[in-house]
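One structure below.
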Amino acid sequence: MNKITEITGASASGDVTRAEFDKWFDERFEFKMKEMAQNKTPSMSIIATKGTLDWAYPPFILASTAAALGWKVSIFFTFYGLLLLKKDVSDMKVTPVGNPAMPMKMPFGPDWFKNIDWPVPNAISGNIPGFENMASGLMKETFKSKGVASIDELREISIDEGVEMHACQMTVDVFGFTKDDFIDNITSWCGATSFLPNAQKSDITLFI
């Protein structure tokens, strides 16, 4: 009995037809591919580029959720996204100007009042002193009342779940920051040339 006959389980005569071999190969290949897929750890790379309050939530929510599912997750913080790694993010704000999709809802009062969308024209929101601070405060209070963790908490959860935090060294240099301005749990200080090859291998890559 030759080796091919032994592997494919063909007839005892030892004559393996092309059809029998192709059938065995296809079945074996499909089995091995499924086995590799089951044993592979999913991976996700996120490029965070924005540093406002509303844009701080998506990278940390997605990263912490994926990591909790057992995925390998890494975030590259570049340009204004680097601000999400600063020690103090309590002063982070959201601006309604140029953000027409942002609903203006109140986090207090009866349900019918909280469900009203308050249309605020850019001409008004951009010219009323303190409007940005008010909008930021309302957003934080709304998220809190809905049980959504703060940016500090989401970042800490991400770190605890093993999410890799990569800070863009070029942005640090351009904006005049020092490493003392940022949290201690930064995986690496690197550039795009270091992060992109890893992102290329990820199952999912997101630009936020």
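Can Ser90 be described as surrounded by fewer than 15 Cβ atoms within 10 Å (Cβ to Cβ), closer than 20 Å to Ser150 by Cβ and modelled with pLDDT of 70 or more?
Here the answer is yes, as Ser90 does meet what is asked.
Go through the range 59-94 and count every residue that is touching a strand residue (DSSP E or B) at 6+ places or on another chain (Cβ under 6 Å), assigned to a loop (DSSP other than H, G, I, E, B) and of a type in the set (Val, Ile, Thr).
Count: 1.
Tell me which of these Val148 doesn't satisfy, since it passes every other one: (1) within 24 Å of Thr49 (Cα to Cα); (2) surrounded by fewer than 13 Cβ atoms within 10 Å (Cβ to Cβ); (3) modelled with pLDDT of 60 or more.
Status for Val148: all satisfied but (2).
Select, from Ala192, Ala149, Ala167, the only residue that is in the same structural domain as Leu84 (by TED's automatic domain parsing), out of contact with any Asp or Glu (no Cβ under 7 Å at 6 or more places or on another chain), of a type in the set (A, V, I, L, M) and without any contact (Cβ under 8 Å) to a residue 40 or more places away in the chain.
Residue meeting the stated conditions: Ala149.
The values are calculated or read from the model by the stated rules, or taken from the named source; none is laboratory data. Everything quoted here is computed from the prediction, not taken from an experiment. Virtual Cβ from ideal backbone geometry, glycine too; neighbours counted across all protein chains shown.
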